[in-house]
Amino acid sequence: MAIENACHSHPWSRQVFSSCIGGRYFGHYLVQGKSLTREHSGQTPAILGFYIGDYIAGESTLMDICVHPEQQGHGFGKQLLQHYIEQAKNLGAEKALLEVRSRNISAQMMYINNGFSEIGRRTGYYPSTIGYEDAIVMARSL
């Protein structure tokens, strides 16, 4: 939950996270360095980022993806996105969908550079510190 809170102005609740375990949901997280495993150091590994996706009826949706703000700009988001795409393909998805805040230009560029394109817009979808902002809906074939 700490990384979700650090990444998003309006983060998911614990209840939402709990509802995305098992069933049609899948995910992955990146951990900093093998030396930080609990067995070797007695510490909890530092999570750099994660994603949660779902798969249903030949389509997958990237529900949430984030990289800790201190670790952004090092390619971890791209690694997570590419892992999501491969996992969605392995589950049988033929199409991937996602939503991104209209003001999150760096995320939009990452998605475009990985084959996604805008297919729609949800006006006033996301709450923000200045009211509401649009969600850009993007998709790509797998």
Among the residues of the stretch 129-138, is any among the charged types (D, E, K, R), within 17 Å of the chain's Cα centre (by Cα) and on the phi < 0 side of the Ramachandran plot?
no
Matching residues in the stretch 83-98 - criterion: being charged (D, E, K, R) and either within 17 Å of residue 50 (Cβ to Cβ) or at pLDDT below 95 (or both)
86
Residues being surrounded by 17 or more Cβ atoms within 10 Å (Cβ to Cβ) and of a type in the set (Val, Ile, Thr) - total across the stretch 99-120:
1
Within the stretch 22-37, how many residues turn out to be assigned to a loop (DSSP other than H, G, I, E, B) and at pLDDT 80 or above?
3
Checking residue 102 against (1) within 16 Å of the chain's Cα centre (by Cα); (2) under 21 Å from residue 80 (Cβ atoms), the condition it does not meet
(2)
Residues of the stretch 50-73 satisfying the condition of being over 16 Å from residue 140 (Cα atoms) and either of a type in the set (Asp, Glu) or out of contact with any strand residue (DSSP E or B) (no Cβ under 8 Å at 6 or more places or on another chain) (or both)
64, 69, 70, 72, 73
If you take the residues of the stretch 40-54 that are modelled with pLDDT under 80 and over 16 Å from residue 67 (Cβ atoms), which of them is surrounded by the fewest Cβ atoms within 10 Å (Cβ to Cβ)?
42
Need at least 1 residues that are more than 17 Å from residue 27 (Cα to Cα) and touching a residue at least 12 places away in the same chain (Cβ under 8 Å) per element, so show me which helices (runs of 4 or more DSSP H) inside the stretch 38-142 make the cut, counting only ones lying wholly within it.
105-113
Just to be sure, is residue 126 in contact with a Lys or Arg (Cβ under 6 Å, 6 or more places away or on another chain) and hydroxyl-bearing (Ser, Thr, Tyr)?
yes
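The values are calculated or read from the model by the stated rules, or taken from the named source; none is laboratory data. The structure displayed is predicted, hence computed values, not measured ones. Positions of Cβ are backbone-derived with ideal geometry, glycine not excepted, and every protein chain shown enters the neighbour counts.
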